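Laboratory data are not the source of any read-out in this text; all were calculated from the coordinates shown. Given the structure is predicted, the values throughout are model-derived calculations rather than measurements. Positions of Cβ are backbone-derived with ideal geometry, glycine not excepted, and every protein chain shown enters the neighbour counts.
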Amino acid sequence: MYLILRCRKCGRFLYARQDAKTKRCVCGYTSKISRMLKVDTARDEREAGEKVRYYQEKAHGPPGFVKFH
Ligand SMILES: [Zn+2]
């Protein structure tokens with residue numbers, strides 16, 4: 001199981017394994033998973049990646065507006 005999380009500092013969406021203790025965002029902010037905002041869950045890493053992209057587009061507009069890769 002994977003969790004879809006949102007960084008409290010920059011607002012990016014991230015995913016992490018449910019049993020992970022901390023997650024480091026690409027902005028450099030490291031947070032305990034238990035303290036992060038949980039947006040959704042996913043069954044596997046592929047689904048988690050798709051959901052992150054979905055939420056990211058919903059929050060920040062269509063692809064191309066902000067690049068994360
Ligand atoms: Zn961040």
Sorted by Cβ neighbour density within 10 Å, fewest at the top, the residues M36, M1: M1, M36
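Please give the calculated 222 nm ellipticity per residue for the chain, where each DSSP H segment of at least 4 residues contributes -39500 (n - 2.57) and the sum is spread over every residue; nearest 500 deg cm²/dmol?
Numbers: 1 runs with 16 residues, N = 69.
Estimated from H runs of four or more residues: -7500 deg cm²/dmol.
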Helix 45-60 vs. the chain, principal-axis angle (Cα, 0 to 90°, nearest 10): 50 degrees
Cα-based Rg and Dmax for the range 2-60, where Dmax is the largest Cα-Cα distance (Å): 10.3, 28
